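This report refers to the structure that appears directly beneath it.
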Amino acid sequence: MTPAPILSAFRQALGEAWAGGAGALLPVGFFAGAAVLVPLGVGTDPETLRTIGPGILWVSLALSSLVTLERIFQADAEDGSLDLWLQTGAPAASIAAAKTLAHWLTAGLPLALLSPFLLLMFQAQIGGALLENMLYYAFGGLAFYFWGGVSAALAATVRRGGLLISLIALPLYVPTAIFGALAMGDGPSSAAAPLFLAASTLFALAVAPFAMGAALRLAAD
Amino acid sequence: MSASALLSAADIGMIRGERLLFRGVSLTLGPGEAILLRGQNGAGKTTLLRILAGLTQPETGSVVRAAPHHWIAHRDGLKPHETPRGHLTLWARAWGQSTTAIEPLLDKMELSRPSDVPAKHLSAGQRQRTALARLHLENRPVWLLDEPLTALDGHGKTLLLDMIAAHREQGGGIIAAIHGDAEFEIDMQVDI
């Protein structure tokens, strides 16, 4: 087996993300918008904002990821390219992983890169912690998109499957959200939390592609 | 089943929902042969082709695919923003083929003029020609074709019939679901 089909699937997914014009900016707008609106709701006390900022961003990141999950597989199932990808001889899991990774690069990674600026708006101090947090958001976001990919694959042939995708994905987000928020706090369990966050992401990367592959085969059946 | 069969299926049966689509379908495709699938709309021709391609699991029976196949279906796999050249380049790369053959291929399929037009602006016939061009990106013995003649104009039909004839001459086999006249010689007809 050659990696050519997997690379092609990755490249096509990257290209498709930008083909729709500003579509790739939708999650960024959602993420920033949610974070900007929160101070209007909870008041402007700097101490409060500094405490809740990282957690608000975790919630915004999880919800922003849901906005575009439909795009990963639904169009492929509708236009027949899913059938072609499944017949390339490459494992369906590897095709699914390539497409999800490309989707995270265009939709999820920009959110993590934006996080330091949003944390500053939440009165965070300028320093190394901002970059450290960015890394957590990037890594946690990867888990969100891979679990989200499983629900997107399950709902690939469901018209307007957005609600179904959210219902399946949100419970899978829980471990990442918990460890991510813990990793940024200064409670007694915070020291080990980054390792648990990394573990939960690696678990997602290892398991989710096989679930996606099986779901895509089912969608084509 | 003869030893040289490209593809064979034995006793295929399929249920969709509560309805029996077909049962007891057996066929063997040898080199140079063409098999025609016949049936009314909704009889399950596309489903049978998907079973032969390995996309759908049959309820009963088994399929032996002894040779790689091409898949051309009603849903052509073109993205709205994709151009014919882009589409062929993508699949040539995905299948590990060189992209140098694409220019002459576009020319052969009479797609040179719209070669850089996004698929959403192409006519149904031009999209169909683009999909059919995939048949020549890689040499595969079995062609599975679902209604390949629809949307093609007279000239496009001649083009496809020539492709089919040349393919069979080289020992390739064809299984096609066609509603109207086949317009080429067939070795076996499967009615479902």
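Numbers below:
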| read-out | value |
| --- | --- |
| Surface/4 estimate of mean projected area, convex hull on alpha-carbon atoms of the range A:25-220, nm² | 10.9 nm² |
| Pairwise centroid distance, computed over Cα atoms, of the range A:42-107 with the range A:124-174, Å | 6 Å |
| Carbon plus sulfur fraction of accessible area for chain B, probe 1.4 Å, in percent | 47 percent |
| Angle between chain A longest axis and helix A:128-154 axis [Cα atoms, degrees, rounded to 10] | 30 degrees |
| On Cα atoms only, tilt of A:109-121 relative to the major axis of chain A in degrees | 10 degrees |
| All aspartates and glutamates inside 13 Å of B:Lys45 as judged from Cα atoms, apart from same-chain residues fewer than 8 positions distant | B:Asp146, B:Glu147, B:Asp191 |
| Helix A:4-19 axis, angle to chain A major axis (alpha carbon atoms, nearest 10°) | 60 degrees |
| Reachable aspartates and glutamates from B:Lys79, criterion Cα separation under 18 angstrom, eight or more residues apart if same chain | A:Glu16, A:Glu70, A:Asp76, A:Glu78, A:Asp79, A:Asp83, B:Asp116 |
| Interface size B-A, as summed buried accessible area [1.4 Å probe, Å², nearest 100] | 1900 Å² |
| Residues with amide H under 5 Å from that of B:Leu21, placed H, sequence gap 5 or more | B:Met14, B:Ile15, B:Arg16 |
| D_trans [Stokes-Einstein, Kirkwood Rh over alpha-carbon pairs] for the range B:12-58, 10 °C, 1.306 mPa s, µm² s⁻¹ | 137 µm²/s |
| Total formal charge among the other residues, if their Cβ is under 11 angstrom from that of A:Gln123, Lys/Arg +1 and Asp/Glu -1 | -1 |
| Cα-projected label distance for A:Ala214 with B:Lys157, points at 7 Å along beta-carbon direction, nm | 4.8 nm |
| 5 angstrom amide H check on B:Gly172, placed H, neighbours 5+ away | B:Gly32 |
| Summed residue charge, Cβ within 14 Å of A:Gly108's Cβ, Lys/Arg positive, Asp/Glu negative | +2 |
| Where GluC sites (Glu not before Pro) fall in DSSP loop in the range B:1-100, at most 15 other Cβ within 10 Å | B:Glu18, B:Glu59 |
| Per residue value of the accessible surface for the protein assembly as shown (all protein chains in place, 1.4 Å probe), Å² | 44 Å² |
| Rounded to 5, percent antiparallel among DSSP beta bridges of the protein assembly as shown | 40 percent |
| Residue-span extension gain [B:Thr60 to B:Ile186] - 0.36 nm each, minus C-alpha spacing | 42.7 nm |
| Rounded to whole Hz, the Karplus (6.51, -1.76, 1.60) HN-Hα couplings of the range A:46-54, x for glycine and proline | x, 5, 4, 4, 4, 6, 8, x, x |
| Centroid-to-centroid separation of the range B:129-149 and the range B:46-105 [C-alpha atoms, Å] | 7 Å |
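The values are calculated or read from the model by the stated rules, or taken from the named source; none is laboratory data. Model, not experiment: these values are computed from the prediction. No Cβ is skipped: glycine too gets one built from the backbone with ideal geometry, and neighbour counts run over all protein chains shown. These area figures cover heavy atoms from the full protein model, side chains too; ligands, DNA and RNA do not enter into them. Shrake-Rupley method; radii C 1.70, N 1.55, O 1.52, S 1.80 Å.
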